[in-house]
Amino acid sequence: MSNIKELMMSASAGNAEASNVEDLFSIDLWDGNSSTQNIVNGIDLATYGGMLWNKVRDTTFDHVIRDSERTQGLSKPLHPNLTAPEGTELGVYAFNTNGYSLNDDSAAGRSTNTAGHEYIGYTFRKAARFFDIQTWTGDGVSGRQISHSLQATPGAIFIKKLNSSDDWSVYHRSIGVTNTIRLNLDNGKFGPGDVQAVSSSTFTIGNDSRVNGTSNDTYVAYIFAHHNNDGVFGPNGNLDIIKCGSWTGNNSTQEVDIGFEPAFLLWKNIDVSGNYWVLVDNKREWSTELSSFFRVNGNHAEADVTTNPIIIDGGKIYLNNAGGLVNGSGEYIYIAVRRATAIPEQADDVFALSVGSGTPRYQSGFHTDFVLERKLDAVQTMRVGTRLLGKEDRFEISTTGAISTNAEWDFMNGYDGGQGQSNEHAFMWKRAPKYFDVVHYRGSNGNAAFEHQLGIAPSMIWIKNQASGSWIVGSKYFHNTSTGWDKELELNNSVQENSSTNFQNGSGVATAPTATQFFVTPNTLNVNRFLYDYFAYVFGEVPGISKMGRYTSNGSNQNIECGFQPSFVMIRIIDATYGGNWYMFDTLRGINTNGNDPAIYISDNTVPANNTDFIDLYSTGFTVKDSQINDPVSPYKDYFFYAIA
């Protein structure tokens with residue numbers, strides 16, 4: 001057994017083999033029902049233990065923290081915005097092997113499960129090198145060592161007295177052991193440090209009543225790991241998934257390299273009083289236009305910042321405005337947890353087809369990141385919804401820039417978009433390693449390389465300037481060479497394949513993307529103009545789930561092998577002389593054996609056709625039949641396809 005596996009399977013932190021973020025951390029949304037309900041997120045809290053931090057979103061009420069280690073850690077929650085001791089409160093009655101169970105708390109408050117309110121929960125499972133919980137009774141002796149099971153030096157520690165009121169004490173590696181900061185206040189750091197030393201097995205505390213009072217005092221500590229290119233998680237056991245770092249404000253704009261794209265980000269200015277603790281996450285609104293944030297040291301409902309102070313830029317965050325909230329004077333500390341890392345095992349987990357109906361209007365069964373949608377029985381352009389673009393804007397294939405919309409992304413099982421009309425249809429993708437990623441980036445005059453999170457070299461990339469310009473599509477299959485990327489198409493029209501000047505490095509050479517980066521020509525309006533915002537849709541191939549390739553027409557029906565029977569097929573001619581539509585077929589509308597197949601043309605807003613037998617399906621692929629996608633006339637033509645199971 002490898003050292004990595006031995007470390008990850010160590011029992012000392014209640015740990016077992018848990019390699020992906022999804023095994024250890026989850027963000028869940030639910031609507032209160034003033035009854036009982038189960039939140040199923042796949043995390044085994046019953047066996048290994050952990051912490052649940054939840055908050056009502058739409059009204060004023062305290063943050064709530066429950067855990068597995070205190071004697072009554074579920075029924076006696078703590079509140080990170082208060083000095084109050086643990087107190088009896090309904091809301092959560094069980095930690096389960098796949099999540100947790102809620103009960104009615106409407107009589108005592110509305111913190112967790114009251115009808116008519118919306119909630120969010122953050123689950124941290126105990127695991128070596130990720131998260132731990134420890135409890136102790138005070139002895140009043142400075143220099144006392146508390147053992148922990150993190151098997152790594154803590155990056156941050158939250159400590160709370162349980163039996164009486166006192167401030168929350170926070171250690172963070174960027175503050176060090178000479179200072180302390182309080183979770184329930186908006187004050188800056190102060191000395192001396194309540195935590196005097198940290199190691200991979202213990203932390204040392206002083207004798208302030210916040211952390212180590214008399215023998216009548218009891219305490220709990222929530223202990224967070226820190227990774228710095230030494231993580232042991234993810235599919236290959238080499239990813240960082242939690243980071244406790246800092247940035248220095250510059251009263252302007254700047255980019256901070258976290259090293260991964262966060263799903264959860266908590267931060268605080270530690271030098272200037274009056275700046276509160278801020279919490280954002282990717283299950284609610286966190287886009288280029290605005291973000292929904294919580295004030296942790298307050299009981300406020302979530303609030304939308306319309307000029308988004310922090311924008312996700314691949315593995316970096318872009319601090320978009322001056323001011324004390326994110327980028328004023330002084331140092332800011334943060335705790336970040338990485339977004340999902342698991343490679344999909346079946347297509348239903350990452351792709352769905354839906355007819356608009358119900359709530360959310362388009363139901364996918366998963367946390368949806370990207371949507372193509374349109375009305376099928378009327379003239380209408382294809383609409384493009386992107387979680388990172390947000391609820392107030394969307395793209396349309398035939399429109400150069402983003403347009404205003406009213407869509408909602410904060411569902412666990414779909415997307416609420418469309419126009420509320422009958423016969424609307426959606427194709428939905430979830431971001432997942434090797435399968436699909438969405439990247440927001442800001443254009444540059446000199447930089448050609450931008451990061452993606454796919455984990456393999458992409459097979460296709462769509463790029464859109466948020467303000468204007470065409471949809472640029474590149475693929476390794478567009479040119480019959482070993483790497484491709486010297487040819488391109490446009491998603492918004494039917495022109496022929498052209499030589500590409502968009503997918504080039506800084507020296508003007510067509511350059512294939514790597515497992516971590518893609519390359520776009522600097523100072524080019526459609527893909528990389530200075531200070532313009534762009535979105536890259538990055539597509540990969542996962543055996544049994546998604547497949548791309550090219551075929552050459554041959555004058556008769558031909559089978560295209562995928563390794564699975566598709567539910568979705570996209571086809572486009574790739575010829576230097578002849579253009580053509582982007583054709584989309586799917587099994588929800590119907591792919592009929594020896595019958596007419598309804599086709600959607602991505603770049604055409606006409607009513608979708610249903611008068612041609614385009615393709616048939618078989619157990620491991622599809623058969624191309626009609627001349628529009630299989631030209632029978634010599635010279636034969638080349639075609640690109642993208643299929644999903």
How big is the gap, in Å, between the Cα center of region 199-251 and the Cα center of region 543-620? 52 Å
Paired Rg and Dmax values of region 94-242, which use every Cα atom, in angstrom: 17.4, 49
Violations at 26 Å Cα threshold for listed pairs Lys126/Lys283; Lys55/Lys268; Lys268/Lys464; Lys126/Lys189; Lys76/Lys391; Lys316/Lys430 -> Lys268/Lys464; Lys126/Lys189; Lys76/Lys391
Full-stretch length increase - Ala197, Val633 - with 0.36 nm per residue and alpha-carbon distance subtracted: 149.2 nm
Roll a 1.4 Å probe over the protein chains and send me the accessible area per residue for the chain in Å². 34 Å²
Under 23 Å Cα to Cα from Lys625, which lysines show up? Leave out anything in the same chain fewer than 8 places away. Lys547, Lys637
Direction-averaged shadow area of the convex hull around the Cα atoms of the chain, nm²? 28.4 nm²
Which whole-number percentage describes the relative contact order of region 434-534, with Cα contacts under 8 Å and a sequence gap of 6 or more? 37 percent
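Rg to Rh ratio, region 290-391, alpha-carbon atoms and Kirkwood radius?
Rg divided by Rh gives 1.05.
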Would you compute, from DSSP H runs of 4+ residues alone, the mean residue ellipticity of the chain at 222 nm, taking -39500 (n - 2.57) per run and dividing by the full residue count, rounded to the nearest 500? -500 deg cm²/dmol
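Using the beta-carbon distance between Asn228 and Asn445 and R0 = 22 Å, what value does 1/(1 + (r/R0)^6) give for FRET efficiency, to the nearest 0.05?
Taking R0 as 22 Å, the efficiency between Asn228 and Asn445 is 0.10.
Quick one: compute the contact order of the chain, relative version, from alpha carbon pairs under 8 angstrom and 6+ residues apart, as a percent.
It comes to 9 percent, rounded to a whole number.
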Which value in Å is the Kirkwood Rh of region 304-347 over different Cα pairs? 13.1 Å
Selected from Val509, Tyr551, Tyr601, residue furthest toward positive end of dipole (the chain; charges at beta carbon): Val509
Size of region 354-460 as Cα extents on the principal axes (Å, biggest first): 46, 30, 24
At 1.002 mPa s and 20 °C, Stokes D of region 125-209 from Kirkwood alpha-carbon radius, µm² per second: 162 µm²/s
Taking all protein chains in place and a 1.4 Å probe, what share, in percent, of the accessible surface of the chain do carbon and sulfur account for? 43 percent
According to the Cα gyration tensor, what semi-axes, each the square root of 5 times an eigenvalue, does the equivalent ellipsoid of region 179-221 have, listed from largest to smallest in whole Å? 18, 15, 10
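Counting pairs of alpha carbon atoms under 8 Å apart in space and at least six apart in sequence, what relative contact order in percent does region 541-645 give?
About 43 percent, as a whole number.
The values are calculated or read from the model by the stated rules, or taken from the named source; none is laboratory data. Since the structure is predicted, the reported quantities are computational estimates derived from the model, not experimental observations. Backbone-built Cβ (ideal geometry, glycine too); neighbour counts: all protein chains shown. Quick note on the areas: whole protein, heavy atoms, side chains included, nothing else; ligands and nucleic acids left out. Shrake-Rupley method; radii C 1.70, N 1.55, O 1.52, S 1.80 Å.
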